[in-house]
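Beneath this line is the structure, given in structure tokens, with notes to follow.
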Amino acid sequence: MSVLMNFAIFPTDLGESKSKEVAQVIEMIKNSGVAYKLNAMGTTIETETMQEALKILNDSYEILNQKHSRIYSTVTFDIRKNHHNRLEGKVESIEKIIGKVNT
């Protein structure tokens, strides 16, 4: 199974920049061993199970919850049985049609 989870999570009880806080979340994802891609508006991860994806989401929340009183998040899922490596494969499918894209 392939669970793609795209999400953004950050504290809202700070000033304009959230880079340091988001970097803590990304470091946890990086160290978790799951496949991920960071983009300007969020992060997409790919796991084998929904439980793994939800653990990443919960761990992200716990990192921020230690120091912040308000946290904002958006989350979307694309879950597909009998498929793998969709984090790369979905982009490759588009590139077969239109050529190389920015990632």
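Structural remarks
- In segment 76-89, residue nearest to the chain's Cα centre (by Cα) [restricted to those that are outside any strand (DSSP E or B) and in contact (Cβ under 8 Å) with a residue 60 or more places away in the chain]: L87
- Among residues of segment 3-22, those that are without any contact (Cβ under 8 Å) to a residue 12 or more places away in the chain and either under 9 Å from the mean Cα position of the chain (by Cα) or surrounded by 11 or more Cβ atoms within 10 Å (Cβ to Cβ) (or both), counted: 1
- Scanning segment 1-17 for residues that are of a type outside the set (V, I, T), closer than 29 Å to V91 by Cα and outside any loop (DSSP other than H, G, I, E, B) turns up S2, L4, M5, N6, F7, A8, F10.
- Residue among S73, S69, S60 that alone is out of contact with any Lys or Arg (no Cβ under 7 Å at 6 or more places or on another chain), within 23 Å of E88 (Cβ to Cβ), of a type in the set (S, T, N, Q) and touching a residue at least 12 places away in the same chain (Cβ under 8 Å): S60
- For segment 18-28, the criterion of being of a type in the set (V, I, T), over 24 Å from H84 (Cα atoms) and in a strand (DSSP E or B) is met by none of the residues.
- Condition broken by N102, with the remaining ones in (1) within 20 Å of the chain's Cα centre (by Cα); (2) not in a loop (DSSP other than H, G, I, E, B) satisfied: (2)
- Those residues of segment 39-53 which are loosely packed, with under 13 Cβ neighbours inside 10 Å and in a strand (DSSP E or B), in sequence order: N39
- If you go through segment 71-103 and keep only what is surrounded by 11 or more Cβ atoms within 10 Å (Cβ to Cβ) and basic (K, R), you end up with R80, R86, K90.
- For Y36, the stated conditions do not hold, so it cannot be described as hydroxyl-bearing (S, T, Y) and either exposed (fewer than 13 other Cβ atoms within 10 Å of the Cβ) or out of contact with any Lys or Arg (no Cβ under 9 Å at 6 or more places or on another chain) (or both).
None of the figures in this text is laboratory data; all of them are computed from the coordinates on show. It should be emphasised that the depicted structure is a prediction, and the values quoted were computed from it without experimental measurement. All Cβ positions, glycine included, derive from the backbone under ideal geometry; neighbour counts span all protein chains shown.
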